[in-house]
Amino acid sequence: MFHSIPFNIRGNADKGRELLDRLFEFAMEQPLNPVGRVKGALSSFRVDVTDTESAYELVAELPGFTKEEIKVGYDEERHHLTISAERPETETEGLKFLCRERRTGKFQRVFYVDEIAEDEAKVSYEQGLLKIVLPKAFGGKNQKIFDIE
């Protein structure tokens, strides 16, 4: 027989306490809208964002996707950078799952980012990591869809 072992907060007291402490610390570090920030930390895919002197750099974990299943867009009017990916439903007729943890459907994250030079943005995807570099600037067009290298 095969089954996954569920996380047991009593049996793994140290791990459970560490997880709750990290979640609480993360929420407390956020200056505005901590509920929205916590939602981002617990979302379907994780993104690291760094602010350098000349650009914003994002690295998103999207393992198992192809370039064609990932879309990155920027709406300058609203200053929203959108990362979305869609994993289609696979044929499951006749299969009896003992464990099914891989999710299908649409995954999306939206970030507010202003004052970037969207014409100079660079987007690449390699080994499950989507890398986005958004050079800082002023002005621009209304909306841009980025090509993934």
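How many of the residues in segment 101-138 are in contact (Cβ under 8 Å) with a residue 60 or more places away in the chain, closer than 16 Å to Asp51 by Cα and touching a helix residue (DSSP H, G or I) at 6+ places or on another chain (Cβ under 8 Å)?
2
Filter segment 53-107 down to residues that are acidic (Asp, Glu) and in a loop (DSSP other than H, G, I, E, B), then give me how many there are.
The number of residues fulfilling the criteria is 7.
We did not get these values from a lab; they are worked out from the coordinates using the rules stated. Because the structure is a prediction, the values reported are computed rather than measured. Note that we place each Cβ from the backbone using ideal geometry, even for glycine, and neighbour counts take in every protein chain shown.
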